[in-house]
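Working notes for the structure below.
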Amino acid sequence: MRAGLSLPGWLQRSATQQGLVFILVSLLSLVLMASISLAYVDYELGKQNRKIVDETRELVGQAKPDIDDDPIDDDDILEIMATGFVLSGVLVSMLTIAIVVAMSRASGRRIHRIEQVLTEVAEGNLAARTGEKYKLNDLARIAVAVDEMLSRLQGAVAAMSDISANIAHELKTPITRLQHNLLHLQDEAGRLGEQREGFDQELEQALSDSDRLASIFDALLRISQIESGARRSRFTQTDIAAVMATVADIYTDVADDAGMQLSVSLPQSPLILQGDRELLVQLLANLVENALRYCPGGSKIELSCEALGEEICLSVADNGPGIADAEKERVFERLYRVDKSRADGGLGVGLALVKAIVGLHHGHISLGDNHPGLAVQIQLPRKY
């Protein structure tokens with residue numbers, strides 16, 4: 001693959017490039033103007049010399065008088081004019097460069113601020129603004145438009161978040177009350193005598209469904225909290241290798257009980273990053289639980305992590321049935337399940353929660369084939 005053209009940082013600014021083009025055009029214009037002016041002056045001086053010589057001969061009445069054919073020293077005049085053009089060119093160039101540098105810096109500051117604001121917005125800070133007030137030029141108009149767009153976007157997102165949170169809280173209250181009533185009915189079921197068996201079965205199913213609904217709403221509220229970026233205030237220096245070792249210790253016996261094998265490959269030295277330890281534990285736990293839930297007995301689950309430059313790569317791979325390529329993007333959607341007919345206890349929010357945690361840490365997650373099975377790859381930056 002052929003490497004692309006790379007320019008120094010100061011040359012990558014559009015304002016600087018436009019300024020250099022303007023300076024080059026100005027210099028070429030000066031050279032062209034000087035060349036044409038000198039050629040024209042030389043031509044006119046020649047005509048004046050010939051006219052003076054002819055008139056002088058007529059006055060003295062000689063056919064071939066001893067008269068200087070070049071009474072006007074055009075070389076001296078041209079030299080003086082050339083010197084003037086050089087001096088004026090230098091002064092004009094210096095003034096042009098000063099103006100271009102000033103305009104380039106002003107434009108560069110605006111572009112940098114717009115870029116900075118867009119980066120902060122991409123990281124979840126919808127309150128970021130450029131602070132531009134006046135539409136003095138095209139960049140200022142763009143900055144003002146960006147601020148107006150972000151204000152509307154922030155309002156819309158805040159409204160949607162409030163609505164979602166209110167719906168979740170409003171639904172969670174009756175669900176909790178329903179659970180309480182069902183538990184009360186369970187305590188009172190002893191009065192039914194011989195009819196208790198069928199009643200208990202229906203009651204247990206109702207309790208299971210209410211627990212499932214409560215768990216779903218808890219997970220959705222947690223995802224919303226993570227995506228808001230509020231948990232970044234809890235970031236600390238975290239050893240991701242130690243986090244993975246903790247998760248492996250917790251689930252090794254669980255995998256053995258399920259007839260599976262869980263193995264972990266860790267580096268000798270710590271892998272430190274800025275992160276929320278609790279959420280990172282939950283991230284890995286969700287991935288391991290998914291593998292345990294969907295892989296058949298005898299499957300192998302492998303955990304590993306390593307440093308790749310300024311990033312840390314986490315991997316959770318299994319040799320189970322995997323996920324079809326058409327489903328790999330949709331599984332990150334909330335409440336989406338690949339096999340909707342399976343009653344395996346999954347809530348359909350596990351991978352959505354994982355993706356939210358990865359996004360909170362400015363990372364990237366991808367699903368690949370393990371030939372056979374599924375390989376989940378996560379890249380997390382050490383710093384951001």
**Complete:** Taking a ≥ b ≥ c as the square roots of the Cα gyration tensor eigenvalues, with a/c under 1.5 meaning rounded and otherwise prolate when a/b beats b/c or oblate if not, the stretch 95-143 comes out prolate
**Distance from the stretch 285-310 to the stretch 98-135 (C-alpha centre basis), Å** = 43
**Cα pair distances exceeding 18 angstrom across the stretch 273-332, given as percent** = 47
**Request:** Would you kindly give the portion of the calculated P(r) for the stretch 197-292 that falls above 20 Å, as a percent of all Cα pairs?
**Result:** 57
**Message:** Can you tell me the length gained on complete extension of the stretch Asn181 to Glu311, counting 0.36 nm per residue apart and subtracting the Cα distance?
**Reply:** 41.7 nm
**Prompt:** Which percent of the accessible heavy-atom area of the stretch 221-309 goes to carbon and sulfur, probe 1.4 angstrom?
**Reply:** 48
**Asked** Arranged from highest to lowest average of other beta-carbon atoms within 10 Å per residue, in what order do the peptides 288-301, 112-125 appear?
**Response** 288-301, 112-125
**For the stretch 270-319, accessible area per residue (1.4 Å probe, heavy atoms of protein chains only), Å²** = 40
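The values are calculated or read from the model by the stated rules, or taken from the named source; none is laboratory data. Note that the structure is a prediction, hence the values are computed from the model and not measured. So basically every Cβ, Gly included, is an ideal-geometry build from the backbone, and we count neighbours across all protein chains shown. For the accessible areas, the whole protein counts, side chains as well, though only heavy atoms, and no ligand, DNA or RNA atoms are used. Shrake-Rupley method; radii C 1.70, N 1.55, O 1.52, S 1.80 Å.
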